[in-house]
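The numbers here are math on the coordinates, done by the rules we state, and not lab data. These figures come from a predicted structure and were not determined experimentally. So basically every Cβ, Gly included, is an ideal-geometry build from the backbone, and we count neighbours across all protein chains shown.
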Amino acid sequence: MSSELRVEHLLGRVVVDSAGRRIGRIEEVQAEREGPEWVVQSYVLGVDGLLERLAAGAIVQGIVGTLAGTRRRRRIGWDELDLNDPDRPRLRSASAGEGRRLSA
Amino acid sequence: MLDLVRDVLDKQLLDRQGRPFGKVDGIVLEVRADAPPRVVALEVGLSTRLARLPAWLSRWMGRLTRHAEVTRIPKEAVMAVANDIRVDIDATRTPSWRLERRLARLFARLPGGR
Amino acid sequence: MSRALQVALGVVTAFGGFLEAGSIATSAQAGSEFGYRLLWVLALGTLCLVFLVEMSGRLAAVSHHTIAAAVRERFGFAFYLLPLVGMVLVGVLTLVAELGAICIALQFATGIAFQWWALPVTFAVWALLWAGNFDVIENGVSLLGLLTVVFIVAALREQPPLRDIAAGLVPSLAPHDGGRFWFLAVSILGATLTPYLFYFYSSGAVEEHWDERMLTTNRMVASVGMGFGAVLAAAVLVVSATVFGPRGIRLESYDQLALLLTDSLGRWGFALFVAALAIACLGAALEITLALAYMVAQGFGWSWGENLGHQEAARFTATYTVALVLAAIPVALGLDPMRVTNVAMVLNGAALPLAVMPFLVLMNDRDYVGVHANGRLANVVVLVVTVLACVLAIVSLPLELVGG
């Protein structure tokens, strides 16, 4: 069974783990070419999702010249995100420790 | 690797003739069981745009979308993703061009101009 | 076209957009009430403007995007709406001020009340956009705008004390009437830093297909053009300080302002003032209208451009038509042009962060400007002045509306 979903609605949605804890907000949807198809490979979650998109940090960085705190980001695979309820995406793995951590 | 939000969403669309005809307002994914979601289409349209606003605002503006025309661009039509997104479509034949055409007809009645 | 000619044209265009109803009115008011003591605000605003104009040219040349288009693409539709609505509201109000000033000038010339000129003037502006193309409009109006040099001539003839002028360039606090001083300060900042100027500049740069080779020219045009424009505004301030200052006149209407040049230029002073005011504001009206239409069209991804005919850019044409119609209404209804000008300038100041912040982020984003990202000085100056203007505006506008 397949259904339709929109990238612009996923953007900014809070992802929780199976225990209901907030993991982060969906910041980016990354796709790769598979033959004629563009297929979603991973999602990038930001801990300060909206601020990241606005990159308020970039201005502060440019002025102060130092990082205003490390922006924590994390990439999860397409199979780690349960989108049965598109408004409330859930992390599929058992613990919150899964998913590769990315530093800014 | 294509960043759909950074490199596709809200990017300028150019048709077959290089004519600008809007920005990518939406990207439609097909979610499949036991397979990664795949990109199905790009969308241009007022209702798509309004749906991205916070709920209280889009509800209030929802009345505007009664005559909404959404142009769906199947992913097969996408030719290039670079600074802009080039699609193999004739913009003048899309629903999103209707307003442009109506206004152009109106202006054609006025003298002078080019 | 030779580099020198390009720069010359760019400079003429640039300062043509600088001096308009807001700059003339606020500079004159500042001069009459505080002498030369607000010159430093004009200088600070101009410095900030030079940075902003240079940045908008750089963004266009390197990323081939205009500011509005880039803001939509980088931040998404929802966030883009915020600066758009702010810019449109303030822009239309500023357009009302410009149209009002042109009509007032015609009232001085003919004796027919300004309200009656609202429709003909608005139609004339519309017709110029409808029938003209970018180069003709820009160059034509800018060359006519050279008439504003008459303010410099008048300033020189007044023989103002240079020491006082120099002292005015040093930042100082209010000598008296603190509320009014800072109100005029933010009015000057708002009049100098009208967002339509640098939004328009980036559109022009894209229309002219600028690329990285234009970066040096861009820097020259920004600094010399804006610098010269500031000199014009300063000249208005100086003349006003020497003519109205000693008499303690507070300028509340264009009627009083019309006598600005009669002291130094005699009988011609009145006619020259009227002509300079009309032409400067005509240039500004054209630029604001185009800037508004550009902002909307570029954000929505429509075809845009003054070089495109209305058949190819119908929605763009419709946008500037609607903007002009809306702006004509308050003028036709007889709303006091000087009051509108004052309010419009302060609101420009208040709206600055909305226009500038997203722009600043873009100028630090290597995806857009590559290796040509902002230096620290540019970021600091723009950020400081913008926040200062906004804070001043929020504080002083209510006070002025209540007290004035």
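Helix C:3-18 versus the longest principal axis of chain C: what is the Cα-based angle in degrees, 0 to 90, to the nearest 10?
Long axis of C:3-18 versus the principal axis of chain C: about 60 degrees.
Classify segment B:1-112: rounded, prolate or oblate, from the alpha-carbon gyration tensor (a ≥ b ≥ c, eigenvalue square roots; a/c under 1.5 rounded; otherwise prolate if a/b is larger than b/c)?
Because a/c hits 1.5 or more and a/b fails to exceed b/c, segment B:1-112 counts as oblate.
Who wins for biggest fluctuation among C:E138, C:E212, C:E287 in a Gaussian network model of chain C, springs between alpha carbons below 10 Å?
Checking each option, the largest mean-square fluctuation is seen for C:E212.
Amide H neighbours of A:Q41 under 5 Å, at least 5 residues apart or on other chains, H built in the peptide plane: list them.
Sorted by chain and number, the residues that satisfy this are A:Q30, A:A31, A:E32.
Using alpha carbons only, how many degrees (0 to 90, rounded to 10) separate the axis of helix C:21-34 from the longest principal axis of chain C?
40
In segment C:121-204, which chymotrypsin sites (Phe, Trp or Tyr not before Pro) are in a loop and have at most 15 other Cβ atoms within 10 Å, using DSSP for the loop call?
Hits after loop and neighbour filter: nothing returned.
List the residues whose amide H sits under 5 Å from the amide H of A:R73, counting only those 5 or more places along or on another chain, with H placed 1.01 Å from N in the peptide plane.
Long-range HN contacts for A:R73: A:L102, A:A104.
Just want the ordering: C:M226, C:M87, C:M357, from fewest to most Cβ atoms lying within 10 Å of their own Cβ.
C:M357, C:M87, C:M226
Quick one: length gained pulling C:D164 to C:D336 fully straight, 0.36 nm per residue minus the C-alpha distance?
On the way: separation 172, 0.36 × 172 = 61.92 nm, distance 3.35 nm.
Extra length available between C:D164 and C:D336 comes to 58.6 nm.
Quick check: residue separation of C:D255 and C:L143 times 0.36 nm, minus the Cα distance between them. What number comes out in nm?
Length difference between fully extended and current span is 37.7 nm.
For the modelled label position 7 Å from the Cα of B:L110 along Cα-to-Cβ, which residues of segment C:312-344 have backbone nitrogen atoms closer than 15 Å?
The answer is C:312-328, whose backbone nitrogens lie closer than 15 Å to the label point.
Per residue of segment C:249-265, in order, report the coupling 6.51 cos²θ - 1.76 cosθ + 1.60 (Karplus, θ = phi - 60°) as ³J(HN,Hα) in whole Hz, putting x for Gly and Pro.
3J(HN,Hα) across segment C:249-265, in whole Hz: 7, 9, 6, 10, 8, 5, 4, 5, 5, 4, 8, 3, 9, 6, 5, 8, 10.
Please arrange B:K75, B:K11 by counting, for each residue, the other beta carbons lying within 10 Å of its beta carbon, fewest first.
Details: B:K75 16, B:K11 20.
The most exposed by this proxy come first: B:K75, B:K11.
How large is ³J(HN,Hα) for each residue in segment C:380-393, as worked out from phi by the Karplus curve 6.51 cos²θ - 1.76 cosθ + 1.60 (θ = phi - 60°), to whole Hz, x for Gly and Pro?
5, 4, 5, 4, 4, 5, 4, 5, 4, 4, 5, 4, 4, 5
Rank C:G22, C:G140, C:G100 by mean-square fluctuation in a GNM of chain C with C-alpha springs under 10 angstrom and give only the top-ranked residue.
C:G140
Could you derive backbone 3J(HN,Hα) for segment C:351-361 from the dihedral phi with the Karplus parameters 6.51, -1.76 and 1.60 (θ = phi - 60°), listing whole Hz in sequence and x where the residue is Gly or Pro?
These are the phi-based 3J(HN,Hα) values: 7, 3, x, 4, 7, 8, 4, x, 4, 4, 4 Hz.
Run the simple label-point estimate for A:H9 and C:I394 please: 7 Å along Cα→C-beta, distance reported in nm.
Inter-label distance under the simple model: 3.6 nm.
Return the single residue from C:V361, C:V92, C:V53 with maximal mean-square fluctuation; model: Gaussian network over chain C, springs between Cα atoms under 10 Å.
Comparing C:V361, C:V92, C:V53 in the GNM, the peak value goes to C:V361.
If a/c stays under 1.5 just call it rounded; otherwise compare a/b with b/c (prolate if a/b is bigger, oblate if not). Do that for segment C:145-191, with a ≥ b ≥ c from the square roots of the Cα gyration tensor eigenvalues. Working shown, then result.
Details: a/c = 2.87, a/b = 1.47, b/c = 1.95.
Oblate, since a/c reaches 1.5 and b/c is not below a/b.
Within a 10 angstrom radius of the beta carbon, how do C:V125, B:V81 rank from fewest other beta carbons to most?
Least to most surrounded, the residues fall as B:V81, C:V125.
What is the extension gain from A:R33 to A:D85, computed as 0.36 nm multiplied by their sequence separation minus the C-alpha to C-alpha distance, in nm to one decimal? The partial results should precede the final answer.
Details: separation 52, 0.36 × 52 = 18.72 nm, distance 2.61 nm.
Extra length available between A:R33 and A:D85 comes to 16.1 nm.
Take the Cβ-Cβ distance between C:V371 and B:M61 as r, set R0 to 45 Å, and report the resulting FRET efficiency rounded to the nearest 0.05.
0.65
Determine the calculated [θ] at 222 nm for the protein assembly as shown from helices alone, applying -39500 (n - 2.57) to every DSSP H run no shorter than 4 residues and normalising by the residue count; nearest 500 deg cm²/dmol. Mind showing how you got there, number by number?
On the way: 25 runs with 359 residues, N = 622.
Value at 222 nm, helices only: -18500 deg cm²/dmol.
Looking at the protein assembly as shown, what % of its DSSP beta bridges pair antiparallel, to the nearest 5?
The antiparallel fraction comes to roughly 95 percent.
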